[in-house]
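> Mind looking over this structure? Questions follow.
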């Protein structure tokens, strides 16, 4: 492990034992001999949070300020125990597929890399609703950050306490409860390079003292604005780096690439200009059937003469027939950070009657996001998308110019003069594609707690939570004008409709004789061989735009009742045996309205991920549970806690999940702790009930592994690229996944200021709920013969529908360190929180062996398993001044290799087999002016470190570029200013 640089921050305090971040805040001040017993995350029994048998990380608002953390999403990304999945506004901003398709505007937690559906997110110990579109993961940005007092991160399973889905861990956001006065906050985070600025204004007010007056009313409101950051705003986003092994596999460019498409009865009855001849230039042996761009022909202006253009690298992609094609840098057209505008609010009223407390709580959010990615590519074919540039009075000048350039190199096409030119084209004038999503959440809760008899007390509550989302089309989408398939034609209700036939339901552009984008392009009004368009062409695009059409929407609701009692039973040598008993009932409801625009009577819109087939009327699930927890202080040095929970799920029956944890402290400064528990997670509603969607695959990197021993595209027999369609959707027979996990840890506390902990953890999940990716299935094709369909021996269809797809094994170490000392009249504190991954393996059938290690290996989907991650810091506090510097370290991993390099046919001098570690530094300085005013200035990414070069481009989706959004922050150096005023 390349650890030396990482530890350099702690050199000044290298003789100390820095501490577990769970048990104490990041303060070096001496702690009280015994902290007050409270309910902490992971238990229903009141206990000292600094003396837990579980790895519980407590993060206070001072730590958030130190790191310039302005949102729950930033906090989640900061945690070293959080995985690296496509769970943030950068990693799910580009073209997505499969389970990621509904993540518009979603930011989720993913503790220990177990997936966002396996991390339980709580607000004040109770559930919030999952995101309205996905119905499986909670959008953490709905949490009212302005009202937070602290965040508790339980890095351990908690199925026996909170519910069977808490496999990866629990994140409990805890708000202020007895706040008085008025606090105003303003925050800005401005990037040096421009773009992606962040702003937040918030106010928190409260009145009444619970102890003095017997009541407290408080409220908080916050407005956060994350501005868009475009790919074109950052120079490290560059898909044209052939010397490093990266080029883009698209031949749809702002100047169209011509193809030898055959005849179409409507637009090209005798074929196209390049069809019916052998496209061989002088001295060539491989026909140029992979596309010809006039910019790349001898004497042409060159592909790079167009903004974002690059020469198609037929060697890297092992497609020699595309030697005259151009490509286009799609990554620079996508956003690096989705714009997000969020309003959150929180209110709480608490009344104290004697020793009893009653509360009412309401919180909600209203968020608007915009997901933007590359302009639509129109890939003409002879059937469902017939695109032919005609020869007519409007087009004659352009047609003849293109023809003359082509015939000079391919004289054999002279006999075809006058035939229309078929092509593939990237429509810049259409605008970047955009999904605009609004998500509203609401959560209301009532609760009561107080004494019963003796030292027994009770807690009871009821809550309702919902998340409702709706996505509409922004720019970049237009009505198609033809039927995309036989199924679409049959469902249209148009008499005589056939696949590829004219769709009369689509609007017709002025001047065109046929409807939709197909009609406009085939009229020649829109010129695919020019980067500028006429006023008539722009008016035509506007007339057939689908902007504002509803894409889809969904709603998730949770209604919950809970009650528990706790108290002492009898005495043991170590103290009182304490017990907690509770019941829990909740009803979860999910509905998805599909795509109203995709129903009978409405025209097709080109290349939109409509989900009409997945429309769900409300589906309900009842979960009834009872649990018990008992703490046995066997003697002063040994404490054992046991818990068991019985859950009954609609449709899945009952499950019993136990948990046992223990701590052994033979000395005040030394403790050993451990835990064991099981889990049981049922599928999300859409994983069960979604319909089946058949999608095309435009990529050129897949091969049939049964015929190609190298596994990569090449000219070897059996190694030609395959482009199978895929089936995705739900599975009514999907069952639950089960888990078994344990942890063992050691804690050292030589003094109140110095501590260290190391915890080993292991999670085994069987009957994993999910869907294989295309590559995963092909890599394991021998185990899935029934999921592969062949036509004339060639793979043409692959079934990727959800299933219980095997097992996952994950193990790791979590290190937490703190240390402090007096220095020059102040206090110097150092700390580090890190996660070291020891095992990450998967298999996809019980009969299959576990695959190779996934630690430090690039994957297109899911969690990217980094071997080591840490956050380290130094803080110096003197009087009213605090200065901090921190280091964020994310380990490197094996880079992706494009087909030409992977199969060994080409080498590139600067190709890096491994992606470098990503290391950034943050610094901040805070000044308290009297007690009413705090000013914090900070610099994030102090040395303006770009994300390391990584090949993330995926030919099969057209997403990705030259950096990894699951690991790195694309914003670069930024300057933060936080102002807090108290009244």
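Computed from the coordinates by the stated procedures, all read-outs in this text should not be read as laboratory data. This one's a predicted model, so the numbers in the text were calculated from it and none came from an experiment. All Cβ positions, even for glycine, are placed from backbone atoms using ideal geometry, and neighbour counts span all protein chains on display.
> FRET efficiency for residue 368 and residue 946, Cβ-Cβ distance as r, R0 = 25 Å, nearest 0.05?
After rounding to 0.05, the efficiency reads 0.25.
> Okay, moving on. For the range 342-443, what is the convex hull volume of its Cα atoms per residue in Å³?
Dividing the Cα hull volume of the range 342-443 by its residue count gives 165 Å³.
> Follow-up question, since we're still on this one. Which log10 I(q)/I(0) values does the range 152-260 give at q = 0.10, 0.24 Å⁻¹ under the Debye formula, counting every alpha carbon as one identical point scatterer?
The calculated log intensity ratios at q = 0.10, 0.24 Å⁻¹ are -0.71, -1.16.
> Quick one: work out the % antiparallel among DSSP beta bridges in the chain, nearest 5.
If we restrict to bridges inside the chain, about 95 percent are antiparallel.
> If you consider only alpha-carbon coordinates, what radius of gyration and Dmax does the range 272-317 have, in Å?
Looking at the range 272-317, its Cα Rg and Dmax stand at 12.1, 33 Å.
> In addition: Note down the nm distance, to one decimal, between modelled labels 7 Å out along Cα→Cβ at residue 839 and at residue 635.
3.4 nm
> Taking the Cα centre of each part, how many Å lie between the range 51-125 and the range 787-842?
13 Å
> Here's another thing I want to ask about it. Report the equivalent ellipsoid semi-axes for the chain in whole Å, largest first, defined as the square roots of five times the eigenvalues of the gyration tensor built from alpha carbon atoms.
So the equivalent ellipsoid measures 54, 29, 28 Å along its semi-axes.
> Spin-label point model (7 Å from Cα, Cβ direction): what's the residue 781 to residue 572 distance in nm?
With each label point 7 Å from Cα toward Cβ, the separation is 5.8 nm.
> Show me 789-801, 344-356 ranked by packing, highest mean number of other Cβ atoms within 10 Å first.
For the peptides 789-801, 344-356, the packing ranking is 344-356, 789-801.
> While we're here: Hey, can you rank 188-197, 211-220 by average C-beta count inside 10 Å, highest first?
188-197, 211-220
> Using the C-alpha gyration tensor of the range 691-829, what are the square roots of 5 times its eigenvalues, in whole angstrom, with the largest one first?
50, 20, 14
> On the principal axes of its Cα set, how long, how wide and how thick is the range 47-97? Give whole Å, largest value first.
Over the range 47-97, Cα extents along the principal axes are 47, 25, 14 Å.
> I've got another one for you. Could you compute the FRET efficiency for residue 464 and residue 417, with r as their C-beta to C-beta distance and R0 at 51 Å, rounded to 0.05?
0.10
> What residues of the range 919-936 lie in the reach of a label at residue 192, counting those whose backbone N is under 12 Å from a point 7 Å from the Cα along Cα→Cβ?
921
> Quick one: pull the percentage of alpha-carbon pairs in the range 898-983 with a separation above 22 Å.
When every Cα pair of the range 898-983 is considered, 52 percent fall beyond 22 Å.
> Ranking 434, 980 by Cβ neighbours within 10 Å, fewest first, what do you get?
By the 10 Å Cβ count, ascending: 434, 980.
> Sort 331-343, 652-664, 276-288 by packing, meaning the average of other beta carbons within 10 Å per residue, with the highest value first.
331-343, 652-664, 276-288
> Based on the alpha-carbon set only, what is the convex hull volume of the range 783-839 divided per residue, in Å³?
170 Å³
> Tell me, what is the FRET efficiency for residue 821 and residue 217 to the nearest 0.05, using R0 = 56 angstrom and their Cβ-Cβ distance as r?
0.85
> Here is a further query. Report Rg(Cα)/(2.2 N^0.38 Å) for the range 829-940, keeping two decimals.
That ratio works out to 1.64.
> Before anything else, pin down the relative contact order of the chain: Cα pairs under 8 Å, at least 6 apart, normalised by residue count, whole percent.
Computed over the chain, the figure is 14 percent.
> Another question about this same structure. Which length gain, in nm to one decimal place, applies between residue 809 and residue 848 when the Cα-Cα distance is subtracted from 0.36 nm times their residue separation?
Between residue 809 and residue 848, full extension yields 12.6 nm more.
> Using label points projected 7 Å from each Cα along Cα→Cβ, tell me how many nm separate residue 752 and residue 563, to one decimal.
Between residue 752 and residue 563, the label points sit 4.2 nm apart.
> Turning to a different aspect of this structure: Summing -39500 (n - 2.57) over the DSSP H runs of n ≥ 4 in the chain and dividing by its residue number, what mean residue ellipticity at 222 nm do you reach, to the nearest 500 deg cm²/dmol?
-2000 deg cm²/dmol
> For the range 640-747, what are Rg and Dmax over the alpha carbons, in angstrom?
Cα radius of gyration and Dmax of the range 640-747 are 24.4, 70 Å respectively.
> Further question: The range 342-356 to the range 429-457: how many Å between their Cα centroids?
Cα centres, the range 342-356 to the range 429-457: 14 Å.
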